[in-house]
Amino acid sequence: MPVGYDAHRWSTFHGERTLVVAARTVTSTVRVLETLPALVRNDTRVTVVFAFDPTSAFNDGVLDLLHAAGCRVVPWEQLGHIAPDLILSASENIDVPEGDCPVLVLPHGVGFQKRVPDSRSPHERLSGVVPDSLLETGRAWLAISHPTQEEQLLATHPKAAGRTLLVGDPCFDELVGSRSRKKAYREALGVAEHQRLVMVSSTWRQTSLLGSHPDLLPRLLAQLPCDEYRVGAIVHPNVWSAHGAWQIRTLQAAALESGLLLMPAVHAWRPALVAADVLVGDHGSVTLYGAAAGTPLLLAAFGGDAVPGTAVHALSAVAPRLDTRGDLRRQVEDVLREHTPQRYAAVAAQAFAEPGHALSRLRTALYRLLKLPEPSSPPPAPLVLPIPDPPATPVTSWQVTTDVTGDSAAPTVTVHRIPATVTAYDTTHPDSPTCFTHLACADDERDHRLTESASVLVQRHPAPTAVGALRWIEDTLTQRPGSLLAASAVRGGTCLVGLRDSRIVEAAVTGPVLDPGLSTAVVYACLRRGLPLDDAQVTLRIGDMRDEDVVLRLRATPPTR
């Protein structure tokens, strides 16, 4: 609606009730934006006004979020001139103006499971609970997802008696209802069918996963070969708001250059969580959402600010812990092998009552507080989550380890690749007469030191013709005298690999088209092992995931000029 003291003069729509959404932090604002449209859609009786409460330490990004959603924002000081019929927020700490309209507070996480700094005092408080002074007015209503949360509140905040509304959790309902689209989310994130997606979730403060282990992301990327795994990160919006995107990206530069899927601060974390094969988390709500939805879990941190007796605390008693200095790949593989979908069913039952009905219950509560009959349209149902945008940058350099087994007539080359920018975190150092390690770079690698040190150079995009590929190989080996091989795919699937001695090997894969870096790794390993490069068939083993047949033959090299 138009904003200002005389906004009514300019309004086109005149509703019977005014609903004010109080936006204070990114986390709380996102929760309302994801929930409210389904509750009031097509209802001209309700006028929605967004008001920005600037008093939070985590208010950075709130206005950008509201403007991106197309919301008109009323200055907080003008609320007294609006006379709202209901104030809705997912922040319990809003500066509620004087008046008698009810205030409905949605949870922005799962229940009241964490103690956080109190912005009104030097002490800590229970997250999600409005001040006692507001409870005393009888205006506040707290939406909860499970009856045990009411019991918890009464034990610590007796003035909350009779001020709770059991509605369930719309976010959890969406996560569960979207599991059928897991494949679509994975494809959108660039996760191949044969890859496993390890999603890392961190809440905020020093006891969080990133607060406790800021180098865990690059170490995971160093120990999980990039042809077999993808690694993503969901970072609490308070971290983005408090430190800024520049600081986060600078601190995680090596991980980002290694292909980390760093999810944007809002919305996209939900489909990413559905897409995950393994979740590495802490005591934040995202960890509980993922485990309750059936995702295998490893706890990498669990802070003392988690509240005993809550569902997330119960989760900590049954979830396996990640030894952050141990063999990360082995632990990921172990939890995948040992997990059962119902492993955390009891924890989910403690956190989410009557899943699937939260939006319907919430709409009923909302209209009761607005003192309007509920719309005659069918109750809203959980929507399937939208497809996310890919948040990763491509990897441009790799440390490649090849292990050759079998005889010369039927060799097998096992290839493990990790991004070169995280090799310092790699704790495995294979050493044997059949195992070789080399540095490979794509032609768009920006660090010239890596390019100059690379044994193998690969053109990222296929050449239109074989002549174009051969010309690129010749130019590259001339410009980089320290490189042993240069390779380019040719449109259609073949990969041409040029050797320093001017031989050209054509590597053809009998299965799906591969990254040319994998075919080139086979040629490199055969060259180092002294195996035939002409009329040879080699089994390429990509870690423990799959085998492909690669046929090698020497190719006559026509002039490229």
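Values in this text are rule-based calculations from the coordinates and carry no lab data. What you see is a predicted model; the values in this text were computed from it and never measured. Positions of Cβ are backbone-derived with ideal geometry, glycine not excepted, and every protein chain shown enters the neighbour counts.
Results, tabulated for the structure shown:
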item: Set of lysines with alpha-carbon distance to Lys371 below 28 Å, sequence-local pairs under 8 removed; result: Lys159
item: Tensor-based shape of region 434-561 (alpha-carbon gyration tensor, a/c under 1.5 rounded, otherwise prolate or oblate); result: rounded
item: Cα-Cα pairs of region 194-308 separated by more than 24 Å (percent); result: 17 percent
item: Extreme residue, positive dipole direction of region 257-409, given options Ala293, Pro320, Val395 (C-beta unit charges); result: Ala293
item: Residue-averaged 222 nm ellipticity for the chain, from DSSP H runs of 4+ at -39500 (n - 2.57), nearest 500; result: -8500 deg cm²/dmol
item: Size of electric dipole in the chain: Cβ of Lys, Arg +1 and of Asp, Glu -1, about Cα centre, debye, nearest 20; result: 460 debye
item: Counted charge near Ala143, where neighbours are those whose Cβ lies closer than 13 Å (Asp, Glu -1; Lys, Arg +1); result: +2
item: Reachable lysines from Lys183, criterion Cα separation under 25 angstrom, eight or more residues apart if same chain; result: none
item: From the C-alpha gyration tensor of region 252-360, square roots of 5λ in Å; result: 23, 18, 14
item: Exposed-loop-free span, longest in the chain, where chymotrypsin sites (Phe, Trp or Tyr not before Pro) count as exposed if DSSP calls them loop and at most 16 other C-beta atoms lie within 10 Å; result: 14-561
item: Kirkwood Rh in Å, taken over all unlike Cα pairs in region 69-219; result: 18.7 Å
item: Given 15 as the ceiling on other Cβ atoms within 10 Å, longest exposed-site-free region of the chain for GluC sites (Glu not before Pro) in DSSP loops; result: 194-561
item: Cα-based Kirkwood hydrodynamic radius, region 1-109, one decimal, Å; result: 14.0 Å
item: Per-residue HN-Hα couplings for region 375-387 [Karplus 6.51, -1.76, 1.60; θ = phi - 60°; Hz; x = Gly/Pro]; result: x, 6, 5, x, x, x, 10, x, 8, 6, 5, x, 6
item: Cα coordinate range in region 169-255, projected on the principal axes (Å, largest first); result: 36, 35, 21
item: All Cα pairs of the chain, percent lying beyond 31 Å; result: 54 percent
item: Dipole axis of region 127-208 (+1 Lys, Arg; -1 Asp, Glu on Cβ), positive-most option in Leu134, Ser180, Thr203; result: Ser180
item: Ratio of the Cα radius of gyration of region 76-118 to 2.2 N^0.38 Å, where N counts its residues; result: 1.36
item: Overall form of region 96-161 per C-alpha gyration tensor (a/c, 1.5; a/b vs b/c); result: oblate
item: Unit charges at the beta carbon, dipole of the chain: most positive-side option, Ser432, Cys526, Val497; result: Val497
